[in-house]
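The values are calculated or read from the model by the stated rules, or taken from the named source; none is laboratory data. Note that this is a predicted model, so its numbers are computed, not measured. So basically every Cβ, Gly included, is an ideal-geometry build from the backbone, and we count neighbours across all protein chains shown. Ligands, DNA and RNA are excluded from the accessible area calculation, which covers all protein heavy atoms including side chains. Shrake-Rupley method; radii C 1.70, N 1.55, O 1.52, S 1.80 Å.
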Amino acid sequence: ETQRRRRSMNGLQAELERTDFQDKIKTTVKTFTTGDYFGEQALVAPDCIRSADIIARTDLVCYEFRRQDFNWLLEGTAVVAKIERMIMARQDAVWDLMGMNSVLAMLTPTQKTQLEQRCSPVFFAEGEYVWREGEPATRAILIDSGIFQFKKGERKVGGRRRAQSVFRHLGPPPPPSFNPGTFVGEIDAILEEKPLQTSLVAVEEGQAMVVSKVDLLDFFTNAPGVLLAMLHTQFIMPVSKRRSSSADLGEG
């Protein structure tokens with residue numbers, strides 16, 4: 001029995017399939033393995049309707065929480081708010097956005113879910129600043145729609161005009177604009193509580209998934225490999241058809 005259980009746990013793999021009822025086609029959208037979890041959204045959502053089929057591709061052992069026990073366990077914690085944010089993020093297809101990014105696409109399903117729980121959709125009007133140079137670093141964004149750009153404006157320092165920012169890059173300079181799928185955030189400034197070196201503005205109205213500094217640092221605690229991939233970057237470009245290069249990682 002112990003051997004059978006061990007084999008089941010080691011071979012744990014569940015495949016999540018979403019049914020397209022119009023075309024009667026089932027499409028695999030997520031694959032889970034040992035340590036992953038799923039199904040929490042329907043326990044918190046008001047309509048409580050399952051939005052996908054779960055199919056076990058192998059023999060497996062898993063642990064189940066009933067709705068009443070799940071809500072009792074999380075009552076009074078911040079987890080419920082994270083799940084509610086995740087539901088909003090899923091409506092905006094954050095998983096698809098992550099899949100477009102050259103680093104976030106490599107996250108495990110659990111890591112994607114954890115980051116998804118920390119995302120909040122925010123609309124930016126044309127010309128609106130996401131952040132300004134010299135301000136404290138408080139957030140990072142994953143662009144959903146619109147076009148954003150680093151602006152090399154001047155700002156006053158002690159009554160004098162400061163020269164335009166110089167972007168330090170080990171690789172090529174920043175692209176002229178950032179499109180959907182781009183992750184933008186000054187990681188060093190977030191980690192070290194340094195002033196921002198850039199100003200980011202929406203040159204076209206659009207929406208971005210915003211992650212606060214607190215939530216991003218919390219995410220990095222459980223995903224040190226992702227932190228290493230993002231160190232010294234100011235932006236991470238979407239996946240391109242060509243082989244990725246240093247141009248994909250904006251290092252500042």
For the subset of region 158-194 comprising residues that are within 22 Å of Leu142 (Cβ to Cβ) and among the hydrophobic types (A, V, I, L, M, F, W, C), which member is modelled with the lowest pLDDT?
Phe167
Please specify each residue of region 182-223 satisfying the condition of being part of a strand (DSSP E or B), in contact with a helix residue (DSSP H, G or I) (Cβ under 9 Å, 6 or more places away or on another chain) and more than 19 Å from Gln111 (Cβ to Cβ).
Pro195
In region 55-72, the residues that are touching a residue at least 40 places away in the same chain (Cβ under 8 Å) and of a type outside the set (Val, Ile, Thr):
Ala56, Arg57, Asp59, Leu60, Cys62
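Kindly provide the set of residues from region 210-239 that are farther than 21 Å from Phe123 by Cβ and of a type in the set (Val, Ile, Thr), ordered by number.
Answer for region 210-239, where residues must be farther than 21 Å from Phe123 by Cβ and of a type in the set (Val, Ile, Thr): Val214, Thr221, Val226, Thr233, Ile236, Val239.
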Restricting region 113-148 to residues that are open to solvent by less than 30 Å² (accessible area, probe 1.4 Å), charged (D, E, K, R) and out of contact with any strand residue (DSSP E or B) (no Cβ under 6 Å at 6 or more places or on another chain), the residue that is farthest from Ser212 (Cα to Cα)
Glu133
Please work out which residue is nearest to Asn179 (Cα to Cα), limiting yourself to region 87-106 and to residues that are among the aliphatic types (A, V, I, L, M) and modelled with pLDDT under 90.
Leu97
Among the residues listed as Leu73, Leu60, the single one being open to solvent by 40 Å² or more (accessible area, probe 1.4 Å), outside any helix (DSSP H, G or I), aliphatic (A, V, I, L, M) and modelled with pLDDT of 65 or more:
Leu60
Going by the conditions given, is Ala81 under 18 Å from the mean Cα position of the chain (by Cα), modelled with pLDDT under 75 and hydrophobic (A, V, I, L, M, F, W, C)?
yes
In region 211-237, the residues that are of a type outside the set (A, V, I, L, M) and in contact with a Ser or Thr (Cβ under 8 Å, 6 or more places away or on another chain)
Ser212, Lys213, Gln234, Phe235
